[in-house]
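Report on the structure given below.
The values are calculated or read from the model by the stated rules, or taken from the named source; none is laboratory data. Computed from a predicted structure; not experimentally measured. In this analysis, Cβ positions are derived from the backbone assuming ideal geometry, glycine residues included, and neighbour counts consider all displayed protein chains.
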Amino acid sequence: MRGELLTKSERSGEPGRFMLQNSRMLKVDLAGTGGFFYARQGSMVAYQGDVDFDYQGSGSLGRMFKKAFTGEGMSLMKVSGSGDVFLAQDADQIFILELENESITVNGKAVLAFESGLTWDINRVEGASMMSGGLFNTTFTGSGMIAVLAYGEPVVLDVDVPTYVDMQAAILWSTGLQSSIRKTAKLGAVIGRGSGEAYQLALSGRGIVVVQASEGHPIPQTS
């Protein structure tokens, strides 16, 4: 049997580390990892070997209450055992970041998987309110890998002047940046989509923000 499809064979990688099988699929080899990592619930598309998936909810009682109040947070599964695990989410693009004793703030909806050595918590953007759409995000701290999702090709912006980003398009930003919510001058100046149309994420200081080329997946039409 011949064909281009058959060239998409499994890639080998360093045991215990995240690697891209392709731009839309993450491969994790559990061998030698200390046993486990965390992934978005339902993101597994295949696995080989002896692997167990355990639902984790929000990870702690405090984070559970934050998630219930904010709608932010992540439904996680603890992935453990020995073998290879393949993850994907709606064929979104996947990017791997490695933190080295540092922090990053990530839109919870953009998190695909992260290593167990990272700690995380849900935080509210200063100035955010229910009227502006809430905007609670997840801060990761420590050393380890995290895989994030983008729906549409992203761009990395250097924040050295005040920068304003559509709240649905912001994937992640430097934790050291000062963040707030900016309201457009006129209610008629509608920007974006959804309940936060008249508001943007305002960032200042020195750092980066990653912006995807969309405001998220299309909202399904109901009949």
**Message:** For the stretch 98-121, give me each residue that is among the hydrophobic types (A, V, I, L, M, F, W, C) and without any contact (Cβ under 8 Å) to a residue 60 or more places away in the chain.
**Reply:** 99, 118
**Complete:** Selection from the stretch 167-184 of residues buried (at least 20 other Cβ atoms within 10 Å of the Cβ), modelled with pLDDT of 90 or more and in a strand (DSSP E or B) yields 170, 171, 172, 173
**Complete:** Contact list, first residue from the stretch 140-157 and at positive phi, second anywhere and not in a strand (DSSP E or B), beta-carbon distance below 6 Å, six or more apart or interchain, is 142/117; 142/118; 144/117; 144/118; 152/212; 152/213; 152/214
**Request:** For the stretch 185-223, enumerate the residues that are crowded, with 16+ Cβ neighbours inside 10 Å, at pLDDT 90 or above and in a loop (DSSP other than H, G, I, E, B).
**Result:** 212
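Just to confirm my filter: which strands (runs of 3 or more DSSP E) fall fully inside the stretch 83-129 and include at least 3 residues that are under 25 Å from residue 152 (Cα atoms)? Spell out the reasoning first.
Details: elements: 93-106, 111-115, 119-124.
It comes to 93-106, 111-115.
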**Fill in**
Taking the stretch 76-89 and keeping residues modelled with pLDDT under 95 and not aliphatic (A, V, I, L, M) leaves 78, 80, 81, 82, 83, 84
